[in-house]
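Working notes for the structure below.
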Amino acid sequence: MTRKLLTMLVASVLVTLFFTQQALAAGVKEITVRGRLQKTVEAGGWLVVADGQKYLVLNAQKYQNENWFKESAEVEAVGETKSDVVTIYMEGTPFEVRSMRPLTQGAASGNQSAGGSESKRLTRVTVAGDSIVQAQPDTAIITVSVVTQDKRALDAQQENATKSEAVVRALKAAAGVGAEIKTSGYSLQPQRVYRENQPPTITGYEAHNSVTVTLSDLTKVGAVIDATALAGANDIPGISFTLRRDRPARDEALTQATREAFAKAQVIAQALGGRVVRIVEVQEEGTVRPIPVYEAKMEMSRVAAQTPIEVGTLDITSRVQLIAEVEGG
């Protein structure tokens, strides 16, 4: 007799002795186990793992042809534990399953329609939510320009430099501490006259110097316009208002849009006689911050009264698309 054959014989005897001892104290207990399927160390063996407890499925072959019977699938199994069954590795409590079914996410355990029919069908719906939140702007951006013309380029440039210096001084005094002032554009271009069948003729030069000021004190906007006009600014393209600290308003708009989308999903679910089971996907389709513009074209060198400025409000819009699973009848 070879050593390998002897070893197998001894193992068989030991298993038989252990099985005989356990059979004397055989016990039966029916339980319901909800957990995940997992393969065992034994070939062809399956476990149901629930809360750290392992249950060895003795009749797994009964369910292996089901398309849902696969590793990590969540199942509910009803059956009896067997204390009189012995396996080679004894991984988990021996468990003879009487019935087993997959657990669908969001469905209550054992929730079936009358007569034992299939669970209610899940339907995916796509909805969108929109919102508009009004907010007060906290920043004004003003661009003022000095435009000068002369027959000679040097004369146009020098006159522009003198006036621009005076405008910047007036701008700093009117805007006050904390304002951001910077040159936003400068050009010196020839002025041409075009005649039919003749080359263009240069008749003079135009210098254009633009300065942009950004200030948070919106009450000074009118004073800044007046001061720069008095100092020599003769072109003010316009004023824009914006919201630098926009996070609270954007968050509020996003929250409202999300709530509206979810409310639509609930309405659809109720119309189908069910409920929203879960949210599959949420996409933010963007937040828009329109900037109102107050145009103040000025071509005069003096102003008699303070320029009135009405700031108004900004409309911050948000849009959210939501995909939800709803349970229908």
Self-check item: Point-charge dipole on Cβ atoms (K/R +1, D/E -1) for region 112-228, about Cα centre, debye to 20
Solution: 300 debye
Practice problem: Select from region 30-99 those trypsin sites (Lys or Arg not before Pro) which occupy a DSSP coil region and have at most 13 other Cβ atoms within 10 Å, ordered by residue number. | Solution: LYS70
Quiz item: So, in region 121-274, how many Lys pairs have Cα atoms under 20 Å apart, if the pair is 8 or more places apart or on different chains?
Solution: 6
Exercise. Provide the descending list of Cα extents for region 139-242 along its principal axes, expressed in whole angstroms.
Key: 55, 26, 19
Quiz item: To the nearest 0.05, what FRET efficiency results for ALA73 and THR317 with a Förster distance of 56 Å applied to their C-beta separation?
Solution: 0.80
Quiz item: What are the GluC sites (Glu not before Pro) within region 201-260 that DSSP puts in a loop, where the Cβ has at most 11 other Cβ atoms within 10 Å?
Solution: none
Exercise. Using the number of other C-beta atoms within 10 angstrom as an exposure proxy, rank TRP46, TRP68 with the fewest first.
Key: TRP68, TRP46
Quiz item: For ARG245 and ASN59 in one chain, what is 0.36 nm times their gap in residues minus the Cα-Cα distance, to one decimal in nm?
Solution: 60.5 nm
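Taken together, the values in this text are just the output of simple stated rules run on the coordinates, not laboratory data. Everything numeric here is computed off the predicted structure, so don't read it as measured data. Using ideal geometry, Cβ is built from the backbone for each residue, glycine included, and neighbour counts are taken over all protein chains shown.
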